[in-house]
Amino acid sequence: MEKGYITMNTQEIERLEVIQRVSRRTLKQGQAAKLLGLSTRQIKRLVRGFKMQGPEAVVSKHRNKPSNHAYTQAFKDEAVRIIRAEYPDFGPTLASEKLALRQGIKLSVEMTRQLMIQAGLWKEKTQKQKTIHPPRLRRGCVGELVQIDGSPHDWFEGRGPRCTLIVFIDDATSRVQWMRFVKSETTFAYFKVLRLYIERYGIPLALYSDQFGVFRVNMKEAKTGTGLTQFGRAMQELDIELIWAHSPQAKGRVERSNSTQQDRLVKELRLAGICDMEAGNKFLEEYYTEYHNKKFAVSPRDPVDVHRPCTSLAAIDLCFTLQETRIIQKNITCQYKNKIYTIDVPGKGYRLRQAIVTVCESESGEITILHDKKSLSYTVIDKKQHYAETVSGKALEVRSIKKERIGHRPSANHPWRQYQPTAVKSLVATAPFSP
């Protein structure tokens with residue numbers, strides 16, 4: 001308040017006008033109390049102060065003074081010291097949570113943010129002009145749509161190998177249904193995580209993914225194949241609708257979750273001292289997933305769970321294999337990856353000639369051959385093996401004779417060894433010529 005000037009806010013200006021009317025006796029004290037939302041006793045006090053001090057009586061006495069509930073400078077310095085020592089790369093929200101959980105220091109997110117900005121640990125973010133995307137309403141029931149995605153990242157910050165976090169999020173609740181660390185984003189990795197999901201919750205109605213090669217055939221005008229990936233084929237067999245998102249914003253729930261995990265989960269793994277995928281998966285199952293869901297999950301519009309029960313996990317395991325079709329040849333064999341599979345059937349097996357079978361390969365390399373949904377027994381022959389040359393009986397006899405002739409040597413007293421060609425030459429030379 002400068003000399004000769006009184007600074008007031010809008011509320012104080014309105015209060016001054018009412019008090020002036022009460023002082024001029026044009027407004028009763030009870031009516032003034034209702035207008036200002038104060039008690040009659042407070043109105044009397046304000047009128048008495050207005051008569052003695054003038055307009056200054058309605059100005060708050062706490063202006064330009066520290067709050068009675070303000071944190072002391074020592075308390076702020078201690079909080080900044082802890083943040084700098086243990087949470088230097090944490091965001092204000094997570095740093096505020098960890099201060100309350102681990103050190104018992106309760107600071108609001110905004111106060112933590114201001115302290116971190118002053119200490120140079122956080123930089124104010126300028127608001128960027130955001131692209132407007134039309135909102136998509138959540139599905140109504142749990143299991144109606146599950147968003148899936150993989151997030152390759154250095155989750156262990158160099159303490160362990162780089163890996164990928166596969167996340168399954170329910171669209172109706174934003175609840176993380178399942179998370180698991182895998183070596184890379186492959187078909188078998190998604191098969192494994194989806195099997196664990198089905199074993200716990202059941203079969204969902206639909207999956208929402210991006211256009212990654214595991215989910216969609218991205219080669220244009222492909223001349224061979226069914227147009228489905230192995231994952232797409234498995235979803236078709238399980239009657240799960242597979243929907244491909246055309247932009248990251250379309251599956252924003254799982255994308256935002258990945259962004260959150262790359263911040264929060266990395267730091268939680270650091271605080272827990274976890275350095276490998278096995279310990280990380282155990283941490284996700286036993287603690288982090290439920291902890292995350294308590295903070296970010298919401299209630300569905302409809303409490304009905306529409307997951308379908310799984311009747312046979314063995315059938316699921318067979319479905320989650322790499323499958324290709326083959327034709328049985330006349331000799332009751334089929335070929336797959338440089339190996340010949342001889343089908344073991346009673347009799348001559350005429351009924352299987354030219355039959356179409358499905359060769360199923362599991363992640364461990366185990367092969368199952370199906371015909372009419374029934375497994376066939378087989379014997380494996382490696383094409384790279386060297387086979388003995390097949391020859392006819394007549395050729396075999398000739399070869400044996402040649403071998404005997406080549407191996408024969410005349411004895412020392414054989415007539416051939418007694419033959420003297422020089423004597424014959426001299427006899428021919430001395431013979432008389434007869435015309």
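Read-outs: derived from the displayed coordinates by stated rules, not from any lab. Everything numeric in this text was worked out from a predicted model, so none of it was measured. Positions of Cβ are backbone-derived with ideal geometry, glycine not excepted, and every protein chain shown enters the neighbour counts.
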Discussion item. Whole-Hz ³J(HN,Hα) for each residue in the range 11-20, computed from phi via Karplus 6.51 cos²θ - 1.76 cosθ + 1.60 with θ = phi - 60°, x for glycine and proline: what do you get?
Written reply: 4, 5, 5, 5, 5, 4, 4, 5, 4, 4
Worksheet item: For the chain, modelled as a GNM with alpha-carbon contacts under 10 angstrom, which of Ala297, Ala412, Ala206 fluctuates the most?
Response: Ala412
Discussion item. 5 Å is the cut-off here: which amide hydrogens, built 1.01 Å from N in the peptide plane, fall below it relative to Gln177, excluding neighbours closer than 5 in sequence?
Written reply: Phe168, Ile169, Asp170
Discussion item. What does the C-alpha gyration tensor say about the overall shape of the range 10-58? Classify as rounded when a/c is under 1.5, otherwise prolate if a/b is larger than b/c, or oblate.
Written reply: rounded
Worksheet item: Fewest first, what order do His371, His292 take by the number of other Cβ atoms within 10 Å?
Response: His371, His292
Worksheet item: What is the set of long-range amide H partners of Leu121 at a cut-off below 5 Å, with H atoms built 1.01 Å from backbone N?
Response: none
Practice prompt. Name the residue, out of Thr173, Thr311, Thr72, whose mean-square fluctuation peaks in a Gaussian network model built on the chain with Cα pairs under 10 Å.
Written response: Thr72
Worksheet item: For the range 244-254, what does the Karplus curve 6.51 cos²θ - 1.76 cosθ + 1.60, with θ = phi - 60°, yield as ³J(HN,Hα) per residue in whole Hz, taken in order and with x for Gly and Pro?
Response: 9, 7, 9, 7, x, 5, 5, 10, x, 5, 6
Fill in: Within the chain, helix-based [θ] at 222 nm, where runs of 4 or more DSSP H residues each add -39,500 (n - 2.57), nearest 500
-11000 deg cm²/dmol
Worksheet, complete the sentence: Going fewest to most other Cβ atoms within 10 Å around each Cβ, Cys141, Cys310 line up as Cys310, Cys141
Worksheet item: Within the chain, what percent of beta bridges assigned by DSSP are antiparallel, to the nearest 5?
Response: 85 percent
Worksheet item: Which shape class applies to the chain: rounded if a/c is under 1.5, otherwise prolate when a/b exceeds b/c and oblate if not, where a ≥ b ≥ c are the square roots of the Cα gyration tensor eigenvalues?
Response: prolate
Response to the item:
Karplus ³J(HN,Hα) for the range 106-122 (6.51 cos²θ - 1.76 cosθ + 1.60, θ = phi - 60°; Hz, whole; x = Gly/Pro) runs 9, 10, 5, 4, 5, 5, 4, 4, 5, 5, 5, 5, 5, 8, x, 8, 8
Discussion item. I want the local charge near Ala172. Using Cβ-Cβ distances under 13 Å, sum +1 for each Lys or Arg and -1 for each Asp or Glu among the other residues.
Written reply: +1
Fill in: Likely footprinting exposure, Arg409, Arg139, Arg159, fewest C-beta neighbours within 10 Å first
Arg409, Arg159, Arg139
Discussion item. Mean-square fluctuation check for the chain, GNM, Cα pairs under 10 Å: which of Lys125, Lys61, Lys282 is largest?
Written reply: Lys61
Response to the item:
per DSSP, antiparallel bridges as share of beta bridges in the range 146-296, % nearest 5, sits at 70 percent
Worksheet item: Relative contact order, percent, of the range 321-382 when contacts are C-alpha pairs under 8 Å separated by at least 6 residues?
Response: 39 percent
Response to the item:
Residues meeting the amide H criterion for Cys163 (H placed from the backbone, H to H distance under 5 Å, 5 or more places apart or on another chain) are His153, Trp155
Item to complete: Classify the range 53-143 as rounded, prolate or oblate, taking a ≥ b ≥ c as the square roots of the eigenvalues of its Cα gyration tensor: rounded when a/c is under 1.5, otherwise prolate if a/b is larger than b/c and oblate if not.
Response: oblate
